Amino acid sequence: MDQSRKRTQSNGLPKWAKGVVIGGASLVILGAMLLPDDAPPQGYYTHVLGQAYPTEISVTTDLSALEATTSNELKWVEHTVAGGETLSTIFDQMDLGYSNLLNMLASDENAKFLEHNLRPNKTLLFGLDKDGQLAQLKYDGKMLGGSKYQSDDVITITRTGRSTYTSNIDRPEYEYTVNFYEGTVVEGGMFFLGAGYAAGLNKSQLDEISDKAFAWDIDFAKDIQIGDSFRVLVQEKWSDGEFKGLGEVLAIEFDNYGTTLTAIKAENGGFYDEKGRAMQKAFLRAPLDFRRVSSNFNPRRLHPVTGQVRPHRGTDYVAPVGTDIWSVGSGIVYKSAYNQYNGNYVFIRHNDTYVTKYLHLSKRLVSQGDRVEQGDVIGRLGGTGRVTGPHLHYEFVVNGVHQNPRTVDLPKAISLEDEDLTNYLKLAKERVAQLQAFDKLHEDEDNSGSLVNSALPM
Ligand SMILES: [Zn+2]
């Protein structure tokens, strides 16, 4: 590589043009036609176009931690994904070349999966070579979820040639045990998260509980009450007799509003109820991340602008301007517009029965006729229209009638079937028995006055 560069640097052509001499003019022109948005990257054409070169970068990695896996030969740039970002905007921002992204997505399944499952707060590590070109991309399996990855997986995508990439998944070897954690929501304002941390759980388990188990049943921004409690079975990871931290959530019982909801993780990585019905349903309970919502907000019956008492036909969420607003279900955008009352608003028709409405947005990110999926960002929270302060006004309309989105009956969930169901029901029975056994143990400990390591007061 150095040899060829030295040879080409003596011929007096601009740096990028030197590749023409080596690679052949027609190939470069073809390349340029295919990649119109790309300036020729520096140092790129010292290789013959279209030919794969063995990479100098090691694809073997240390399994202990993401940071520890980085190679010294590369410059590593960390990028934490912000709301609304895609791989395309990130590549653009880091000047990595759109064509490189397309090549990566075309040649690697894990890259494709990442593109479709990129979530805010996810950390990506970009390994750049000395010319600033992307040589490796690393991230962990956290928040990609499902059955494909485990949270400790380290996925490495490595560039192997002109337009080819390969990836590998490093999965640490652990032994797992099961432990029990419980918590109760007490006064203090942090609600569910506060109770969860106080119980000894960490972000990863709390995210699983709120986003993967109960996002369709509980509005964590509005529905968590003092006195709500939960009991959780969590994996503990061990390696050579050493505790390596908490793993996945295996089962949860959640007492919410006097109702006990049970969710158990199946072999496929999804959560199901005791009868094998998916916790994931057609509609999310809340159209935004509850972590962003001001918990001390009380919707007022008195209209803040007109001063008149009028029925309030929706749910108001107060959160910072710019907060992502999600479509609660898949459907078609049938209105995306502005008027003086609603401000910027988006209406989504999910089917003949269900319509959802999102008002006062600072920004609309969908147009009339667009198809949206559950969780797609359709706009940003704002204070447009007739409001006294920024908030999201959200309506859930069933057969033309406004319903309370927090209590309305939603379409039935899809169930596991056949052998999957049989296996699941056996597992679910074991998990519930484990939960009860642990719970009993803790009660006995409480009664005997001995120390328990959970349900610490906040
Ligand atoms: Zn409202």
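A short reminder: the numbers here are calculations on the coordinates, not readings from a lab. As the structure is a computational prediction, the values presented were derived from the model and not from experiment. Every residue, glycine as well, gets a Cβ built from its backbone with ideal geometry; the counts of neighbours run over all protein chains shown.
Structure values in brief
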item: Label-zone membership for region 201-219, site Y176, 7 angstrom Cα→C-beta point, backbone N under 19 Å; result: 201-214
item: Rounded if a/c under 1.5, otherwise prolate or oblate - region 90-132, Cα gyration tensor axes; result: oblate
item: Highest to lowest packing among 411-423, 389-401, scored as the average C-beta count within 10 Å; result: 389-401, 411-423
item: Computed E for D95/L425 - FRET, C-beta separation, R0 35 angstrom, nearest 0.05; result: 0.10
item: Neighbour-count order for D129, D95, fewest beta carbons within 10 angstrom listed first; result: D95, D129
item: Radius 14 Å from Cβ of V401, net charge of other residues (Lys, Arg +1; Asp, Glu -1); result: -1
item: Relative packing of 117-127, 165-175, which averages over residues the other C-beta atoms within 10 Å, highest first; result: 117-127, 165-175
item: Stretch gain in nm, segment K148-Y341, where the contour uses 0.36 nm per residue and the Cα spacing is subtracted; result: 64.9 nm
item: Ascending count of other beta-carbon atoms within 10 Å, so fewest first, for M94, M279; result: M94, M279
item: Full-stretch length increase - K203, D352 - with 0.36 nm per residue and alpha-carbon distance subtracted; result: 49.8 nm
item: Per-residue Cβ neighbour rank within 10 angstrom, fewest leading, I218, I264; result: I218, I264
